[in-house]
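These notes concern the structure reproduced below.
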Amino acid sequence: MAEQRDFYEVLGVDRRATSAQITEAYRKLALKFHPDRNPGNEEAAGRFKEAARAFEVLSDGDLRARYDRFGHAGLQGGRAHDFNDIGDIFEAFGDLFGGGIFGDAFGGGRRGNRPRKGRDVFCQVTLSLLEASRGATKTVAFARHEPCPTCDGSGAKPGTAPQKCDYCGGQGQVIQQAGVFRMQTTCPACRGAGSVIREKCPTCAGDGVTEEQVERKVNIPAGVDGDVRVRLAGEGEPGGHGGPPGDCYVVIEIEEHPFLVREGRDLRCEVPITFTQAALGATVEVPTLDGPKPLQIARGTQSGDVIRVRGLGMPEVRGRGLGDLHVHVHVEVPRQLSAKAEGLLRELAAEEHAAVNPKRTSFLGRLAEYFQGLGGADQDQQENRQAS
């Protein structure tokens, strides 16, 4: 699949462009590459679709923010369209500029009654880290429109029916002529429906739909991460003119764990140990998704060491193994000591002074050489000043 161009580059605007600048840039490109101006030109048709796709994303605040952060990958599974059919573009933007850059100039309204998919809806569900690792079945609630029960979706008062529009004769479009130009536009009386409602339904005020709260169960696979979306097909808004309904996207949010931090499919935790445990070795309990588990601390463990425990991380969503648990060890220094503990530490200090660790000897030696060098440099500077 060909690599998608940057949407700002497609429209020829700066990343800080305003909504008005984005709209104007799209208007110019849409007029330039419109199919009626470029009949049979596949390249122009491709540019026309590309511009529509870029405009849809950059003119929507949420989509634009997601695109700025994640690029094209951030739009996967969202409400942005692919616009494979030019008719979809007429549907989406045909009346964008008060009469339409397509309808007024080129008759894009001629496809106003074609079936179209309903809009997608979104909801959110929160999982614990344990639920995210095991998978869960949750009940989600969201709002969507349903056909009005009073008028069965017609929008007309019970006992009446929509009537053919007198202005356009039921066509949904009207033809206007100015000199040699003939322009087909959406009917202003019925807005392309071809019919008008004389007596509106008292329940839905003629809309034909009412907003309802819906509950659905969603199966969330093991291993999901935050901001992942689970699609409930066909649970979105109803389609137009007999088109299919949209989808519901369930956005996953993961609660913070009191001890574990997720890093991809791995988990990280910080475990404090005492000086004696670090020096002599010990078995300590560390937090895992299955509860505390024993972990062997080797003799001579240093503060900041990381112990990797395989297979105690998160599962892959596609079932390709488990991540690991990374235990970050921190050696705690006691703030208060008993008289006996202080005496023992003083004995240890005396022992260390008599038999200094080779690494420490190397460090102290290099430190002494460093300061001796600084002293020599200072002496040279003083001699130079005296000589001058």
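The values are calculated or read from the model by the stated rules, or taken from the named source; none is laboratory data. All of these numbers come straight from a predicted model, not from anything done at the bench. Backbone-built Cβ (ideal geometry, glycine too); neighbour counts: all protein chains shown.
Among what's in region 256-270 and is assigned to a strand (DSSP E or B) and touching a Leu at 6+ places or on another chain (Cβ under 6 Å), pick the residue that is surrounded by the fewest Cβ atoms within 10 Å (Cβ to Cβ).
Cys269
Mind listing whichever residues of region 192-202 are surrounded by 16 or more Cβ atoms within 10 Å (Cβ to Cβ) and in a loop (DSSP other than H, G, I, E, B)?
If the condition is that a residue be surrounded by 16 or more Cβ atoms within 10 Å (Cβ to Cβ) and in a loop (DSSP other than H, G, I, E, B), then Gly192, Ala193, Gly194, Ile197, Cys201 are the ones that fit.
Looking only at residues that are over 13 Å from Glu146 (Cβ atoms) and touching an Asp or Glu at 6+ places or on another chain (Cβ under 8 Å) in region 202-226, which one is modelled with the lowest pLDDT? Don't jump to the end; show me each part of the working.
Residues of region 202-226 that are over 13 Å from Glu146 (Cβ atoms), as a first pass: 202, 205-206, 215-226.
Those left that are additionally touching an Asp or Glu at 6+ places or on another chain (Cβ under 8 Å): 216, 220, 223, 226.
Working: Arg216: 95, Ile220: 93, Gly223: 92, Gly226: 84.
Only one residue fits best here, namely Gly226.
Restricting attention to region 33-75, and to residues there that are among the basic types (Lys, Arg) and free of Cβ contacts under 8 Å to residues at least 12 places away in the same chain, which single residue is surrounded by the most Cβ atoms within 10 Å (Cβ to Cβ)?
Initial filter on region 33-75 (among the basic types (Lys, Arg)): 37, 47, 49, 53, 64, 66, 69.
Next, only the ones that are free of Cβ contacts under 8 Å to residues at least 12 places away in the same chain stay: 64, 69.
Details: Arg64: 18, Arg69: 9.
Filtering region 33-75 for residues that are among the basic types (Lys, Arg) and free of Cβ contacts under 8 Å to residues at least 12 places away in the same chain, the one surrounded by the most Cβ atoms within 10 Å (Cβ to Cβ) comes out as Arg64.
Among the residues that make up region 240-248, is at least one of them in contact with a helix residue (DSSP H, G or I) (Cβ under 9 Å, 6 or more places away or on another chain), in contact (Cβ under 8 Å) with a residue 24 or more places away in the chain and within 23 Å of Thr137 (Cβ to Cβ)?
No: region 240-248 contains no residue that is in contact with a helix residue (DSSP H, G or I) (Cβ under 9 Å, 6 or more places away or on another chain), in contact (Cβ under 8 Å) with a residue 24 or more places away in the chain and within 23 Å of Thr137 (Cβ to Cβ).
Could you please find all residues in region 240-255 being modelled with pLDDT under 90 and exposed (fewer than 13 other Cβ atoms within 10 Å of the Cβ)?
Answer for region 240-255, where residues must be modelled with pLDDT under 90 and exposed (fewer than 13 other Cβ atoms within 10 Å of the Cβ): His241, Gly242.
Can you list the helices (runs of 4 or more DSSP H) found entirely within region 28-98 that contain at least 3 residues being more than 23 Å from Arg16 (Cα to Cα), in the same structural domain as Ala17 (by TED's automatic domain parsing) and modelled with pLDDT of 85 or more?
42-58
Would you say Ala132 is crowded, with 19+ Cβ neighbours inside 10 Å, in contact with a Phe, Trp or Tyr (Cβ under 7 Å, 6 or more places away or on another chain) and modelled with pLDDT of 70 or more?
No, not satisfied.
Being more than 55 Å from the chain's Cα centre (by Cα) and either at pLDDT below 80 or in a loop (DSSP other than H, G, I, E, B) (or both) narrows it down to one residue among Glu351, Glu383; which is it?
Working: Glu351 fails: either at pLDDT below 80 or in a loop (DSSP other than H, G, I, E, B) (or both).
Exactly one residue qualifies, and that residue is Glu383.
With outside the structural domain of Gly236 (by TED's automatic domain parsing), out of contact with any Gly (no Cβ under 7 Å at 6 or more places or on another chain), among the hydrophobic types (A, V, I, L, M, F, W, C) and not in a strand (DSSP E or B) as the only criterion, which of Ala189, Ala205 stands out?
Ala189
I'm trying to understand the selection: among the residues of region 215-239, which are buried (at least 17 other Cβ atoms within 10 Å of the Cβ) and of a type in the set (Gly, Ala, Ser)?
Residues satisfying the conditions are Gly223, Gly236.
With the condition kept exactly as written, say whether any residue in region 157-178 is modelled with pLDDT under 80, in contact with a strand residue (DSSP E or B) (Cβ under 6 Å, 6 or more places away or on another chain) and part of a loop (DSSP other than H, G, I, E, B).
no
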